[in-house]
Amino acid sequence: MSAPRSGVRPLCEGGAVRRARPALGILGGMGPLATADFYRRLVARTPADSDQGHIPVLMWADPAVPDRTAALLGLGPSPVPALVAGARWLKQAGARCLAVPCNTAHAYVEQVAKATGIEVLDMIQAALHAAASTGPDTTRVGILATQGTRRAGLYERAGSRLGIEVLQVSARLQITSVDPAIRAVKAGAELVEPEQQIATAAKALKKQGAQVIIAACTEIPLISGVAARIMPVVDSTDALVDTAVSRLWRAGQPCSS
């Protein structure tokens with residue numbers, strides 16, 4: 001067989017492009033700014049010394065995915081069909097595994113993985129591991145998240161497996177501080193007031209005994225600067241990025257399967 005023409009990448013069986021490293025699929029759009037932020041951080045935190053040294057990325061970012069929190073609260077349609085469609089597209093395009101830069105969407109990732117047969121990196125567990133690593137005696141972790149993430153008990157279940165006590169803000173603070181701050185980021189509003197709202201929630205968690213806070217919504221890291229001066233804040237986006245880098249940043253891999 002003659003060598004492939006210059007600039008043309010050979011294909012694996014089934015049509016997937018042969019890559020030096022396996023590709024990461026980003027199942028995003030929830031929201032668009034959080035997805036863009038995740039990819040920016042992935043590039044920044046990958047220890048590559050050239051363009052060619054970075055992780056190949058395939059992105060599916062559909063902002064029309066039904067609202068995850070509304071679905072969990074029984075106020076809207078399920079996002080599962082849209083998520084499964086996106087995951088199938090990414091798998092067919094050659095993704096080895098998926099990163100979903102949305103904490104609330106992790107209430108559905110088991111269904112997505114089961115329906116598509118592709119691995120989904122666990123953002124919740126990654127964030128809790130990162131929080132636990134902030135100190136040898138860290139066992140009480142505060143969570144700043146959407147109502148949907150709270151309703152699904154994502155951090156509570158994962159925390160119980162890891163021996164971590166998960167603390168949440170009061171229902172009042174969730175409604176008056178955390179939820180409006182998240183909405184402001186999604187709306188592209190000025191971020192001064194949302195930063196103060198998140199700082200207010202951080203102070204409350206500190207009073208409850210939290211030793212560290214997880215910014216457990218991918219919009220919150222964008223407005224957690226003031227909160228980080230009150231107590232340590234673990235960024236769930238960074239935790240997912242680090243998991244993806246650890247999982248995929250290695251040379252000499254075969255085609256994605």
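The values are calculated or read from the model by the stated rules, or taken from the named source; none is laboratory data. Remember, predicted model here, so these are calculated numbers, not experimental data. Here Cβ is always computed from backbone atoms with ideal geometry, including for glycine, and neighbour counts include all displayed protein chains. The accessibility values were calculated without ligands, DNA or RNA, using every heavy atom of the protein model including side chains. Shrake-Rupley method; radii C 1.70, N 1.55, O 1.52, S 1.80 Å.
The angle between the Cα long axis of helix 80-93 and the longest principal axis of the Cα atoms of the chain comes to about 30 degrees, rounded to the nearest 10. Between Q52 and A189, what FRET efficiency comes out of the Förster formula 1/(1 + (r/R0)^6) with R0 = 51 Å and r the beta carbon distance, rounded to 0.05? That gives a FRET efficiency of 0.85.
Counting protein heavy atoms only, region 17-117 has 55 percent of its accessible area on carbon and sulfur, 1.4 angstrom probe.
Based on protein heavy atoms only, the chain ends up with 47 Å² per residue of surface accessible to a 1.4 Å probe.
Here the simple spin-label model places points 7 Å from the Cα toward Cβ, and for A36 and T139 these points are separated by 4.4 nm.
Seen against the Cα atoms of the chain and their longest principal axis, helix 236-248 is set at about 30 degrees. Measure nothing but the geometry: give the 0 to 90° angle between the long axis through the Cα atoms of 192-208 and the longest principal axis through the Cα atoms of the chain, rounded to 10°. The two axes meet at around 70 degrees. Close amide H contacts of C97 (hydrogens built in the peptide plane, cut-off under 5 Å, sequence separation of 5 or more or a different chain): G25. Judged by the gyration tensor of its Cα atoms, with axes a ≥ b ≥ c, the chain is prolate; a/c meets the 1.5 cut and a/b is the larger of a/b and b/c. Residues whose amide H lies under 5 Å from that of L144, counting only those 5 or more places away or on a different chain, are I214, A216; hydrogens are built 1.01 Å from N in the peptide plane. Overall, the accessible surface of region 124-257 at a probe of 1.4 angstrom is composed of carbon and sulfur to the extent of 53 percent. Applying 1/(1 + (r/R0)^6) with r as the Cβ-Cβ distance of L75 and A113 and R0 = 22 angstrom yields a FRET efficiency of 0.30.
Backbone geometry of region 152-160 corresponds, through the Karplus equation with coefficients 6.51, -1.76 and 1.60 at θ = phi - 60°, to 3J(HN,Hα) couplings of 6, x, 4, 6, 5, 5, 5, x, 5 Hz, x marking Gly and Pro.
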